[in-house]
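Report on the structure given below.
What follows draws every value from the coordinates through simple rules; no lab data is involved. This structure is a prediction, so every number in the text was calculated from the model and none was measured. We place every Cβ from the backbone using ideal geometry, glycine too, and count neighbours over all the protein chains shown.
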Amino acid sequence: MQKSVSINIYGRVQGVGFRYSTQARAISLNIKGFVKNMSDGSVYIEASGDEEKLQKFIQWCRQGPPLAMVSDICLEEGANAHDEGFVIR
């Protein structure tokens, strides 16, 4: 079953390759959507995909790449559905 979520990720998540690592992980799990840096220092993601793979993706987002230090994540279900690729904005 397809599902969509939006994720706000807080902590040391900019300047550590978070967006590029997120894109690579999303593509490996066939997740569609986008990732972008926000002006408050957080990272925002909209992701759509198979529910099981989306859960794996969310679990990865709780840690991020090796240099990141995720302090909090805010998850909201029912974001806009995406059906083409995963891009960095």
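Calculated [222 nm] ellipticity per residue, helices only, for the chain: -7500 deg cm²/dmol; basis is -39500 (n - 2.57) per DSSP H run with n ≥ 4, divided by all residues, nearest 500. In the chain, a dipole from Cβ-located charges (positive for Lys and Arg, negative for Asp and Glu) runs towards its positive end, and of 34, 80, 24 it is 24 whose Cα lies farthest in that direction. Taking other residues whose beta carbon is less than 10 angstrom from the beta carbon of residue 82, and scoring Lys, Arg as +1 and Asp, Glu as -1, yields -2. Taking Cα atoms of the stretch 2-81, Rg/Rh with Kirkwood Rh, to two decimals? Result: Rg/Rh = 0.92.
Taking each residue as 0.36 nm, the span from residue 38 to residue 58 lengthens on full extension beyond its C-alpha to C-alpha distance by 5.3 nm. Qualifying GluC sites (Glu not before Pro) in the stretch 1-84, where qualification requires a DSSP coil assignment and no more than 15 other C-beta atoms within 10 Å, comprise 84. The reciprocal of the average 1/r between distinct C-alpha atoms defines the Kirkwood hydrodynamic radius, which for the stretch 16-57 equals 10.6 Å.
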